[in-house]
1. Which one of PRO197, PRO219 is modelled with pLDDT under 95 and either farther than 12 Å from ILE154 by Cα or not polar (S, T, N, Q) (or both)?
2. State yes or no: is ILE127 under 21 Å from HIS216 (Cα atoms), among the aliphatic types (A, V, I, L, M) and in contact with a strand residue (DSSP E or B) (Cβ under 9 Å, 6 or more places away or on another chain)?
3. Quick one: is ALA61 outside the structural domain of GLY159 (by TED's automatic domain parsing), farther than 26 Å from HIS118 by Cβ and under 15 Å from the mean Cα position of the chain (by Cα)?
4. Identify the residue in region 171-226 that is basic (Lys, Arg) and over 19 Å from VAL276 (Cβ atoms) and, among all such residues, is nearest to the chain's Cα centre (by Cα).
5. Considering only residues of region 113-131 that are under 15 Å from the mean Cα position of the chain (by Cα) and farther than 14 Å from THR174 by Cα, which is surrounded by the most Cβ atoms within 10 Å (Cβ to Cβ)?
6. Is it the case, given these coordinates, that GLY51 is under 22 Å from VAL213 (Cα atoms) and among the small types (Gly, Ala, Ser)?
7. Any idea which of ALA234, ALA278, ALA240 is outside the structural domain of ASN158 (by TED's automatic domain parsing) and either under 20 Å from LEU160 (Cβ atoms) or not in a loop (DSSP other than H, G, I, E, B) (or both)?
Amino acid sequence: MALDAARNQAVLSAYDRRAGTMGGLYLLNLRSLDAPAVAAIPLATGLRPAGIDLRVEPDGARSLLAISRQEDGSATVERYRLDGATLTHQDTTAGPLLCRANDVAFLNGERFLFTSSHGGCGWGAVIQDNVLGGRHGFVGLVENDHARVLVDGIGFANGLLPDPSHDRLTVAATREEALLVYPLSDPQAPPRRIAVPGGPDNLTMAPDGRLLVALHPSPVRLALHRYGWPGGAAAPTRVAAVGPAGTEILLDEDGRRFSAATVALSWNGRLIVGSVTAPGLLVCGEVASGATGSSAPAGPPATR
């Protein structure tokens with residue numbers, strides 16, 4: 001999910017990974033969350049999109065990046081312009097470094113970063129990390145249509161969030177159960193590690209400046225659920241807010257209502273949660289501390 005708070009909307013990236021069917025990009029009117037029917041408009045179909053990022057250009061236009069996974073196992077990064085509910089394709093970035101691309105983020109109008117969960121293409125790279133415990137995930141930089149590795153040695157590089165105003169780049173290292181914080185001006189410097197209670201997935205920024213992190217408390221249960229294997233009817237959902245004062249758990253459920261949260265964003269006092277397998281979104285209210293989220297989510301009538 002990519003939030004456009006100024007326009008009270010979000011762009012969603014979705015496809016059925018179990019069935020392998022095509023999905024697409026959708027525009028969600030956040031004001032419709034209180035309406036009897038939630039308005040999600042298809043922007044682009046026939047895709048297998050993964051991570052996305054939205055940027056507000058100096059002229060007010062919206063640019064969108066989306067990782068698009070291909071049937072042959074490769075991936076590209078597609079750039080679009082969003083005008084109202086019309087998405088116009090502008091450019092495609094391709095290359096071997098993108099085959100395991102996971103998330104993507106603008107650095108500026110021309111350059112962007114991406115994460116790669118593994119160090120290479122094919123099942124050999126998957127076995128090396130997933131089975132043998134290797135750490136070969138990396139963050140890549142694309143500039144002038146050329147991709148290169150910026151920092152590597154990450155245990156399943158997942159969500160990322162650059163913050164140029166504070167000279168930092170935060171990367172979710174899922175298999176390390178940690179956030180890695182690099183100086184943007186010197187990404188080769190040793191990162192600051194923030195341990196989190198689970199494998200971190202996508203990252204977003206809350207209005208109070210904290211990071212909202214979707215977490216996977218049990219890698220085994222996540223794998224069983226993700227692939228529809230026996231014992232995988234549900235996987236836990238956990239969302240935390242991470243800031244200078246520490247980590248606050250906002251949502252912690254066993255997954256029977258909403259499994260395997262992969263992303264959370266804050267809007268208008270609500271926590272909106274997406275999942276790798278759920279057919280919709282979970283919407284929770286605001287906790288008393290002022291953090292946007294819920295350790296006691298709203299009951300079914302207030303949940304979509």
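1. Answer to the check: PRO219.
2. Here the answer is no, as ILE127 does not meet what is asked.
3. no
4. Kept after step one, since they are basic (Lys, Arg), are these residues of region 171-226: 175, 192-193, 210, 221, 226.
Add one more test, that the residue is over 19 Å from VAL276 (Cβ atoms), and what stays is 192-193, 210.
On the way: ARG192: 21, ARG193: 19, ARG210: 16 Å.
Filtering region 171-226 for residues that are basic (Lys, Arg) and over 19 Å from VAL276 (Cβ atoms), the one nearest to the chain's Cα centre (by Cα) comes out as ARG210.
5. PHE114
6. Taking the combined requirement at face value, the residue satisfies it.
7. Working: ALA234 fails: either under 20 Å from LEU160 (Cβ atoms) or not in a loop (DSSP other than H, G, I, E, B) (or both); ALA278 fails: either under 20 Å from LEU160 (Cβ atoms) or not in a loop (DSSP other than H, G, I, E, B) (or both).
Unique residue meeting the criteria: ALA240.
Yes/no matrix, rows are residues, columns are (1) in the same structural domain as ALA173 (by TED's automatic domain parsing); (2) under 15 Å from ASP145 (Cα atoms); (3) small (Gly, Ala, Ser):
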| position | (1), (2), (3) |
| --- | --- |
| GLY73 | no, no, yes |
| THR76 | no, yes, no |
| LEU82 | no, no, no |
| THR88 | no, no, no |
| ARG100 | yes, no, no |
| ASN108 | yes, yes, no |
| HIS118 | yes, no, no |
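The values are calculated or read from the model by the stated rules, or taken from the named source; none is laboratory data. This is a predicted model, so every value here is computed, not measured. Backbone-built Cβ (ideal geometry, glycine too); neighbour counts: all protein chains shown.
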